[in-house]
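The next block holds one structure in the form of structure tokens; read it before the comments.
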Amino acid sequence: MRRIFKMVVPLMGVGGMLKYIILGILSGGCSFFFIKSVTKAVGLMMSGTFEAQRATYAAVFAGIIVLFVIVRKTLAIAIIRLSQTLFWNLRKEVLALILKADYRQVADRRVEVHAAIVSDVNVLTNASMSIIEFSTAMVLATASLIYLASISVILFLITLAVALSGAFIYHYNSRKNNQYFENGRKLENSFLESLNQVLDGFKEIYMEPARGQYIYNEKVSRVSKDAWHNNTQAFTGFLNNQITGQVLFYTLVSSIVTLFCFLLHIPTAQTVSFIFTLLYLLSATETIMVLLPGLMRARIAGNHLMDLRQELTSTDLNSRMPEKYMSREQFEQITIADLRYRYKAAESGFSIGPVNLEFRKGETIFIYGGNGSGKTTFVHAVLGLILPDTGTIRLNDDLVGHSNYPEYRTLFAVVFSDFYLFSELCLPDNFNEQKWMYYLQLFELEGKVTLENGRLSTTALSMGQRKRLALIAALLEEKPILVIDEWAADQDPYFRRKFYTEIIPLLKGEGISIIAITHDDRYYHCADKLYKMDYGHLLEEFSPVHETRIES
């Protein structure tokens with residue numbers, strides 16, 4: 001509950017929270033005064049003196065009802081607005097944290113982030129709509145207990161003993177229920193992981209349906225079965241608590257009517273008032289018991305959101321917005337010395353290094369190597385996506401460290417092998433539309449896509465054309481260095497040849513330095529330097545092939 005209030009209070013402010021508390025008290029107070037007025041009226045009826053005060057009580061009831069409608073409607077509208085504010089603020093906060101986190105943090109927690117936005121935020125939003133109703137029921141229950149004490153101290157003590165017994169039973173059983181809810185949250189993560197596999201790998205599943213059936217039968221079905229059993233146990237536990245509480249109250253009411261009122265010689269009018277109030281107390285208690293499962297789930301969701309927030313903010317990499325950008329003219333060289341990186345997934349995790357590389361302005365370097373040799377890992381370290389364990393990176397003789405990583409990363413325009421083509425381009429302030437038209441013609445995409453207010457008319461192109469469009473988008477960023485990973489793999493033989501023999505020289509002529517991962521060995525001669533990645537070690541090929549090969 002504390003974490004829920006920690007998330008809700010900043011949205012409302014202290015004044016707003018006080019306003020909602022007062023409205024909640026007034027709502028509970030209206031219910032309590034209605035109960036008290038009814039019990040007094042019943043007492044007057046039993047004594048035969050109600051007729052003289054009928055008009056007064058009619059006015060009192062009317063006033064309470066009008067006040068209740070006003071307070072309840074005001075409170076309900078406030079709750080609706082609060083829940084929507086909480087819903088969207090939490091979503092925006094998670095996305096803002098993602099944008100500030102480093103690459104590895106987000107890549108390693110994709111399922112958790114998805115679950116937080118899809119599941120946890122909804123659970124907390126629903127809980128926020130229940131908090132005020134929960135608080136109102138608590139106010140009504142407290143006021144009813146106080147009123148019961150004013151009627152009969154002995155009956156109040158008996159009632160309190162029964163209530164405490166119910167609270168003890170609830171607390172004892174709720175520990176296991178909370179464990180069920182915690183396990184349910186983990187099972188939800190497992191389901192979302194399988195869902196992401198189906199959505200991200202649907203192309204592969206479509207080609208091999210057995211893979212999809214395996215995920216469905218061995219993962220989704222098992223998770224759904226476990227979740228069904230787990231969640232049924234959790235909600236059944238709360239149902240048992242609720243029924244136990246009701247049984248205790250019904251036993252108490254029946255004992256007062258049939259036994260205690262006679263043993264204690266309590267007048268009939270007081271007994272009736274006590275029973276009426278007790279029934280309203282039962283109603284408030286039932287409301288509390290019904291809302292508790294949702295609040296417990298919200299507590300778990302709040303814990304996960306807070307943990308995710310802590311994980312995404314506990315980064316060693318400064319992920320702030322860059323304060324300045326380096327132009328192509330300002331860039332001179334990157335010097336990498338004794339760079340090492342090891343994956344932490346296992347003690348025998350794959351590692352690269354030590355790697356030494358000097359990359360100068362205007363150079364084009366190609367890197368090749370077998371699958372798993374460390375090419376992409378090395379390039380990720382050069383880009384600043386991952387931080388090397390040891391070694392140094394210098395930009396124009398200045399050491400790259402935590403204080404200037406954001407500025408360093410702005411050197412690179414990148415098209416990854418698993419690139420994402422955004423429908424809206426990130427255009428510089430000095431965007432030149434003529435350059436856009438020039439690149440469209442150069443990459444032979446004229447007539448296939450247009451650009452209006454930074455938005456592409458379509459991204460529904462072939463893979464080769466989408467890669468060309470992604471490269472155009474990268475070039476329009478006007479960055480000093482272009483980094484591409486297996487870019488030409490999806491191009492037809494004609495355009496692959498054009499890229500290496502015509503486009504790369506043109507890009508170099510624009511002052512763009514190029515780092516490319518490629519296996520197109522017949523075009524290695526187009527590079528100024530050629531490197532081979534072999535089991536994590538970068539080896540310079542001092543004699544790149546200088547013979548032009550014609551691709552058949």
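The values are calculated or read from the model by the stated rules, or taken from the named source; none is laboratory data. Values in this document were obtained by computation on a predicted structure and should not be read as measured data. All Cβ positions, glycine included, derive from the backbone under ideal geometry; neighbour counts span all protein chains shown.
Are any of the residues in region 479-494 surrounded by fewer than 18 Cβ atoms within 10 Å (Cβ to Cβ) and touching a His at 6+ places or on another chain (Cβ under 9 Å)? Yes, region 479-494 has at least one match.
Remark: pairs (first residue in region 143-157, in the same structural domain as LEU26 (by TED's automatic domain parsing); second residue among the basic types (Lys, Arg) and assigned to a helix (DSSP H, G or I); Cβ separation under 8 Å; 6+ apart in sequence or on different chains) = TYR147/LYS36. Among the residues making up region 43-67, those that are among the small types (Gly, Ala, Ser), part of a helix (DSSP H, G or I) and within 22 Å of ILE151 (Cβ to Cβ) are GLY43, SER47. Checked against (1) of a type outside the set (Lys, Arg); (2) touching a residue at least 60 places away in the same chain (Cβ under 8 Å); (3) surrounded by fewer than 21 Cβ atoms within 10 Å (Cβ to Cβ), SER513 passes all but condition (3). Is one or more of the residues making up region 75-85 free of Cβ contacts under 8 Å to residues at least 12 places away in the same chain, among the β-branched types (Val, Ile, Thr) and under 23 Å from GLY24 (Cβ atoms)? Yes, the conditions are met somewhere in region 75-85.
The criterion of at least 3 residues that are under 20 Å from HIS537 (Cβ atoms) is met, among strands (runs of 3 or more DSSP E) falling completely within region 334-433, by 351-360, 364-368, 390-395. Kindly provide the set of residues from region 88-108 that are without any contact (Cβ under 8 Å) to a residue 40 or more places away in the chain and basic (Lys, Arg), ordered by number. ARG91, LYS92, listed by residue number.
Note on region 288-319: among residues that are closer than 30 Å to ARG409 by Cβ and touching a Phe, Trp or Tyr at 6+ places or on another chain (Cβ under 9 Å), the one that is modelled with the highest pLDDT is SER319. The set of residues from region 478-534 being among the basic types (Lys, Arg) and assigned to a helix (DSSP H, G or I) comprises ARG496, ARG497, LYS498, LYS508, ARG522.
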